[in-house]
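Data first, discussion second: the structure below is written as structure tokens.
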Amino acid sequence: GESVGLHLPTLSVQEGDNSIINCAYSNSASDYFIWYKQESGKGPQFIIDIRSNMDKRQGQRVTVLLNKTVKHLSLQIAATQPGDSAVYFCAEKADSWGKLQFGAGTQVVVTP
Amino acid sequence: KAGVTQTPRYLIKTRGQQVTLSCSPISGHRSVSWYQQTPGQGLQFLFEYFSETQRNKGNFPGRFSGRQFSNSRSEMNVSTLELGDSALYLCASSTGTGLFSYTFGSGTRLTVV
């Protein structure tokens, strides 16, 4: 039968605008969250992380917000640039070891 | 410092064959995790090795196995390849203790024909 791939949601954003990418995580016991960026032909690249004892963390042009009440994570990218075009994944870690649970990803397309 | 190195970058195999993929972590990192990435299932955790011991395993059949050497380099093996094993196989390196983050390699693209 025909295989059905994951339908990646797409966020189209104009260059210079701010982007917000959302992620719902599954495990209320998760204590560490990471955002990754993946460009075509490359492995996921670390963007920013946050621990469950925080609700906001800022990096260079990026901010991650964590809402544990509704198990929601968001990534804000300020002044989006063409180089920000990629697939963005959130990941959660719920145990003491190395397993990460990844979300399906969001395709970000930056238009001039 | 050098990043995570995965070899080979591309591989084409025939159904029924077996394959071995290699991952060299960042120097000083003792944990190597393996992930399978497909359009249908996204990124799925395979297993994690720390100091030569498997300490976590995902929900994959026994055809998928791995090992880690004393220098922290890791290999994963897939036996009796199926068409559905075609995927990008990624490894992630971390210290494996404390507050650790993960650095991914560029992956090995496996195509099974």
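Conditions first: (1) touching a strand residue (DSSP E or B) at 6+ places or on another chain (Cβ under 6 Å); (2) away from chain B (no Cβ under 12 Å); (3) of a type outside the set (S, T, N, Q). A:ILE47 passes all but one, so which condition is the exception? A:ILE47 satisfies all of (1) touching a strand residue (DSSP E or B) at 6+ places or on another chain (Cβ under 6 Å); (2) away from chain B (no Cβ under 12 Å); (3) of a type outside the set (S, T, N, Q) except (2). Checked against (1) over 21 Å from A:GLU39 (Cα atoms); (2) modelled with pLDDT under 95, B:GLY42 passes all but a single condition, namely (1). For the criterion of being surrounded by fewer than 17 Cβ atoms within 10 Å (Cβ to Cβ) and either closer than 19 Å to A:PHE102 by Cβ or within 13 Å of chain A (Cβ to nearest Cβ) (or both), B:TYR10 passes. Put simply, of B:VAL32, B:VAL19 the only residue that is under 15 Å from the mean Cα position of the chain (by Cα), modelled with pLDDT of 95 or more and within 11 Å of another protein chain (Cβ to nearest Cβ) is B:VAL32.
Run down B:GLY40, B:GLY96 and say which single residue is part of a loop (DSSP other than H, G, I, E, B), at the interface with another protein chain (Cβ under 8 Å from one of its Cβ atoms) and crowded, with 16+ Cβ neighbours inside 10 Å.
Answer to the check: B:GLY96.
Candidates are the residues of the range A:15-44 that are within 19 Å of B:ALA87 (Cβ to Cβ) and part of a strand (DSSP E or B); the one that is nearest to the chain's Cα centre (by Cα) is A:TYR36. Checking each residue in the range A:76-90 for being assigned to a strand (DSSP E or B), surrounded by fewer than 22 Cβ atoms within 10 Å (Cβ to Cβ) and either free of Cβ contacts under 8 Å to residues at least 24 places away in the same chain or not polar (S, T, N, Q) (or both) picks out A:ALA86, A:VAL87.
A quick yes/no check of all residues on (1) over 16 Å from A:ALA86 (Cα atoms); (2) touching a Gly at 6+ places or on another chain (Cβ under 9 Å); (3) modelled with pLDDT of 90 or more:
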| site | (1), (2), (3) |
| --- | --- |
| A:GLY1 | yes, no, no |
| A:TYR25 | yes, yes, yes |
| A:TRP35 | no, no, yes |
| A:ILE47 | no, yes, yes |
| A:LYS56 | yes, no, yes |
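Within the option set B:SER72, B:SER106, being in a loop (DSSP other than H, G, I, E, B), of a type outside the set (Lys, Arg) and more than 10 Å from chain A (Cβ to nearest Cβ) holds for one residue only, B:SER72.
The values are calculated or read from the model by the stated rules, or taken from the named source; none is laboratory data. Everything quoted here is computed from the prediction, not taken from an experiment. FYI the Cβ positions are ideal-geometry reconstructions off the backbone, even for glycines, and counts take in every protein chain you see.
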